[in-house]
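The values are calculated or read from the model by the stated rules, or taken from the named source; none is laboratory data. These numbers were taken from a predicted model, which means no experiment stands behind them. No Cβ is skipped: glycine too gets one built from the backbone with ideal geometry, and neighbour counts run over all protein chains shown.
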Amino acid sequence: MSDRGPGIGPDDRHATAPGNDGAYARGLLARALDPATQPGAIRDFLREELALVRRLLPPGSSVVDFGCGAGRHLVDLADGIRLGVGVDTQHGSIAEAVRARPPRHCHFFVGDATAVPIARTFDRAVCLTNTWGTVSDKRGVLREMRRLAPSDRARLLTVWAETSIPARRAWYANMGYRVIAETDAELRAEGGFTSEHFTEERLRGLLGPCELHRVGDVAYLAEC
Ligand SMILES: C[S@@+](CC[C@H](N)C(=O)[O-])C[C@H]1O[C@@H](n2cnc3c(N)ncnc32)[C@H](O)[C@@H]1O
């Protein structure tokens, strides 16, 4: 454990893991959520994402959050939902969520979004702030989202559009993850962090029938 203790800062248990797991364990999420690192387009996106998700959730829903980090979305939405459950692989993030004493109807646990040990179903499953664009097994996450929220259009995912590239390049550099390679589908940064972006066509191909909403100038929210 780092001397900062468990939290969305560094978590030494996974800090040597390769790729995105290691980057998150070394505190990437805390830096990403620090407004000082965020270009204006990213700040606008974070605000608009929350507002749009709030608008799309039926009042009193039960919601499961895939890759919940330290739980900020469920906590922000707590007044409008009856149950929130968040799952994330990072012990440090879940410890942070629990330590912050979330509302009693919000629960957080360490687990893998491709194999969530829950049998009940929810009104909605969310996977936000391009979490889906950072996981290696996208189909596995989607399969679990469909299992846990089986109703039509019950899955909400936000992912980066191609227009996000300049803002993400600046944001990642501000966090110490300078971009070293760019392809049609992803940015690869120093430190082994990789983050994908999507065209409408690719998104529809991966998700199947869905409604796409723009979020700010830089992202899509897919209802699928
Ligand atoms: C871009 S961050 C977003 C975190 C949170 N949704 C937020 O917006 O504050 C992606 C999160 O997904 C988590 N994650 C990545 N792969 C995962 C998996 N297979 N199962 C569960 N969580 C995962 C990471 O640990 C990280 O907290």
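Would you call A100 surrounded by fewer than 23 Cβ atoms within 10 Å (Cβ to Cβ), closer than 25 Å to E48 by Cβ, out of contact with any helix residue (DSSP H, G or I) (no Cβ under 6 Å at 6 or more places or on another chain) and hydrophobic (A, V, I, L, M, F, W, C)?
Working: surrounded by fewer than 23 Cβ atoms within 10 Å (Cβ to Cβ): yes; closer than 25 Å to E48 by Cβ: yes; out of contact with any helix residue (DSSP H, G or I) (no Cβ under 6 Å at 6 or more places or on another chain): yes; hydrophobic (A, V, I, L, M, F, W, C): yes.
Here the answer is yes, as A100 does meet what is asked.
Just checking: which of the helices (runs of 4 or more DSSP H) contained wholly in segment 23-86 hold 2 or more residues that are touching a residue at least 40 places away in the same chain (Cβ under 8 Å)?
Per the criteria, 28-32, 40-56.
Taking segment 87-102 on its own, how many of its residues are within 13 Å of the ligand (Cβ to nearest atom) and within 20 Å of L77 (Cα to Cα)? Steps first, please.
So the first thing to find is which residues in segment 87-102 are within 13 Å of the ligand (Cβ to nearest atom), and the list is 87-97, 100.
From the residues that got through so far, the ones that are within 20 Å of L77 (Cα to Cα) too are 87-88, 93-97, 100.
The qualifying residues number 8.
When you look at D11, is it at pLDDT below 65, within 13 Å of the ligand (Cβ to nearest atom) and of a type in the set (D, E, K, R), yes or no?
On the way: at pLDDT below 65: yes; within 13 Å of the ligand (Cβ to nearest atom): yes; of a type in the set (D, E, K, R): yes.
Yes.
Within segment 87-102, can you find the residues that are under 13 Å from the mean Cα position of the chain (by Cα) and either assigned to a helix (DSSP H, G or I) or under 15 Å from R26 (Cβ atoms) (or both)?
The initial filter retains those residues of segment 87-102 that are under 13 Å from the mean Cα position of the chain (by Cα), namely 87-90, 93.
Passing the criteria: T89, Q90, S93.
Restricting to segment 113-148, and then to whatever is among the acidic types (D, E) and touching a strand residue (DSSP E or B) at 6+ places or on another chain (Cβ under 8 Å), can you tell me which residue is nearest to the ligand (Cβ to nearest atom)? Give the derivation first.
Initially, segment 113-148 is screened for residues among the acidic types (D, E), giving 123, 137, 144.
Applying the additional criterion that residues be touching a strand residue (DSSP E or B) at 6+ places or on another chain (Cβ under 8 Å) yields 123, 144.
Numbers: D123: 19, E144: 9 Å.
The residue in question is E144.
Of all residues in segment 190-219, which are in contact (Cβ under 8 Å) with a residue 24 or more places away in the chain and under 24 Å from A23 (Cα atoms)?
Matches in segment 190-219: G191, G192, F193, T194, S195, E196, H197, F198, V218, A219.
Given (1) free of Cβ contacts under 8 Å to residues at least 40 places away in the same chain; (2) part of a strand (DSSP E or B); (3) more than 12 Å from the ligand (Cβ to nearest atom), identify the lone condition not met by F109.
Among (1) free of Cβ contacts under 8 Å to residues at least 40 places away in the same chain; (2) part of a strand (DSSP E or B); (3) more than 12 Å from the ligand (Cβ to nearest atom), the lone unmet condition for F109 is (3).
For residues that are crowded, with 22+ Cβ neighbours inside 10 Å and not hydrophobic (A, V, I, L, M, F, W, C), tally how many sit in segment 121-130. Before the answer, list the steps.
Quick first cut of segment 121-130, residues crowded, with 22+ Cβ neighbours inside 10 Å only: 122, 124-130.
Of the ones still in play, those that are also not hydrophobic (A, V, I, L, M, F, W, C) are 124, 129-130.
Looking only at that region, the number is 3.
Limited to segment 136-160, what total is found for residues that are over 18 Å from L28 (Cβ atoms) and crowded, with 21+ Cβ neighbours inside 10 Å? Give the derivation first.
Initial filter on segment 136-160 (over 18 Å from L28 (Cβ atoms)): 137-157.
Now narrow it down to the ones that are crowded, with 21+ Cβ neighbours inside 10 Å: 141-142, 144-145, 148-149, 154-157.
So the answer is 10.
Going through segment 178-205 one residue at a time, which ones are within 11 Å of V159 (Cβ to Cβ) and within 16 Å of the ligand (Cβ to nearest atom)?
The answer is S195, E196, H197, F198.
When you scan segment 157-172, do you find a residue that is in a strand (DSSP E or B), in contact with a Cys (Cβ under 7 Å, 6 or more places away or on another chain), of a type outside the set (G, A, S) and touching a residue at least 12 places away in the same chain (Cβ under 8 Å), even just one? Steps first, please.
Step one: of segment 157-172, the residues in a strand (DSSP E or B) are 157-161.
From what's left, in contact with a Cys (Cβ under 7 Å, 6 or more places away or on another chain): 157.
Next, from what is left, pick out any that are of a type outside the set (G, A, S): 157.
Right, trim to touching a residue at least 12 places away in the same chain (Cβ under 8 Å) and you get 157.
Yes - at least one qualifying residue is present in segment 157-172.
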